[in-house]
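Bear in mind these aren't lab numbers, they're just calculated from the coordinates by the rules spelled out. Just so you know, these numbers come straight off a predicted model, no measurement behind them. Positions of Cβ are backbone-derived with ideal geometry, glycine not excepted, and every protein chain shown enters the neighbour counts.
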Amino acid sequence: MPTLPLALLPVVLTLGLLALQLFYYGDFTPHIPLVLGVAMTGLVGVLRGQDWMDIHEGIFHVIHVS
């Protein structure tokens, strides 16, 4: 299991990207920051030793449920 700061890192960075896009660029289309957030989360998982196929299945499971 990742530590709390490591688990929160992609969330905080995604929120930072959303805030940057909203306040600096004046545009609130969240697609790009959210995709980058998913990429950061996947990168953290891979660097922590998770198998990419497990991450892939988890992502698509959450999309399917929603």
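Taking the criterion of being more than 25 Å from MET1 (Cα to Cα) and aromatic (Phe, Trp, Tyr), the residues of the stretch 11-53 that qualify are PHE23, TYR24, TYR25, PHE28. Restricted to the stretch 1-52, and to residues that are of a type in the set (A, V, I, L, M, F, W, C) and in contact (Cβ under 8 Å) with a residue 40 or more places away in the chain, which residue is nearest to ILE63 (Cα to Cα)? Per the criteria, the residue is VAL44.
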